[in-house]
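Shown next, in structure tokens, is the structure this report addresses.
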Amino acid sequence: MQTSHEELKSTNEELQSTNEELQSTNEELTTSKEEMQSLNEELQMVNAELQLKVDELSATSSDMKNLMDSTDIATVFLDNALHVRRFTSQATHIFKLIPGDVGRPLSDIVHDLDYPDLLDDAQEVLRTLVFSEKQVPGRDADWYIVRIMPYRTLENVIDGVVITFIDISEAKRLEAELRAARAGGPGS
């Protein structure tokens, strides 16, 4: 009976020790759960802030696209290596651009301009940061004012060039008609 009593006492002590370990583990788990809940709340706040930033960027991107489309000016954005970063739909009338061309060198893209120095001029603008503007003929009797400007980030870092193409074909036709009328007019 003494042995039984000692075994019972020993078992009781083991159970009590196990119970204390379980209580300690439970307290640790409760603390971990509270920490996880706190981290989860922080992550939810960060996620909400990031979602606001994504929404702002999306709205800004939409604004930019609508602005570029409404100006009806062909525009091509190039990075520092003169690879296509973005372009307006109007630019596809001058360059044979498709969405898959983003990231490709502009030198790989076929265009309708009689402007062999386009890439050299873009490189010069990158080098000197001096705006370039030229009147350039197209291959179908079209004419464009081509403006090449440095692409500046909000932090004022040069990150490529922006090239715009303004169609001046009608003005060139009228100018030619006026010259012809003056040449064939009275007193000639």
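Each stretch of four or more DSSP H residues adds -39500 (n - 2.57); spread over every residue of the chain, this sum gives -19000 deg cm²/dmol at 222 nm.
For percent of Cα pairs over 24 Å apart, several values are listed as (1) 58; (2) 63; (3) 41; flag the one computed from this structure. Answer label, from the structure shown: (2).
Distance between the 7 Å Cα→Cβ label points at residue 26 and residue 40: 2.1 nm. In a simple Cβ point-charge model (Lys, Arg +1; Asp, Glu -1; nothing else charged), the chain has a dipole of about 2020 debye relative to its Cα centre.
A simple rule links phi to the HN-Hα coupling: the Karplus curve 6.51 cos²θ - 1.76 cosθ + 1.60 with θ = phi - 60°, which for the range 93-110 gives 7, 10, 9, 7, 9, 10, x, x, 7, 4, x, 8, x, 4, 4, 7, 9, 6 Hz, with x for Gly and Pro. Over all pairs of different C-alpha atoms in the range 1-71, the reciprocal of the mean inverse distance, the Kirkwood hydrodynamic radius, equals 17.6 Å.
Between the Cα long axis of helix 118-128 and the first principal axis of the chain there is an angle of about 60°, rounded to the nearest 10.
Note on the range 30-102: Cα convex hull, mean projected area over all directions, 7.5 nm².
Any chance you could check the Cα centroid distance between the range 3-69 and the range 130-162 for me, in angstrom? For the range 3-69 versus the range 130-162, the Cα centre distance is 53 Å.
Using 0.36 nm per residue and subtracting the Cα-Cα separation, the extra length available between residue 123 and residue 6 on full extension is 32.8 nm.
Here the average projected area of the convex hull drawn through the C-alpha atoms of the range 72-175 stands at 6.6 nm².
Summarising the label geometry, the points placed 7 Å from Cα in the beta-carbon direction at residue 80 and residue 96 lie 3.1 nm from one another. Straight-distance candidates among the lysines for linking to residue 65, with alpha-carbon spacing under 19 Å and chain neighbours fewer than 8 residues away dropped: 53. With respect to the chain, whose longest principal axis is taken over its alpha-carbon atoms, helix 2-71 is tilted by about 10°.
Each reported figure results from applying straightforward, stated rules to the coordinates on display, with no laboratory input. Note that this is a predicted model, so its numbers are computed, not measured. All Cβ positions, glycine included, derive from the backbone under ideal geometry; neighbour counts span all protein chains shown.
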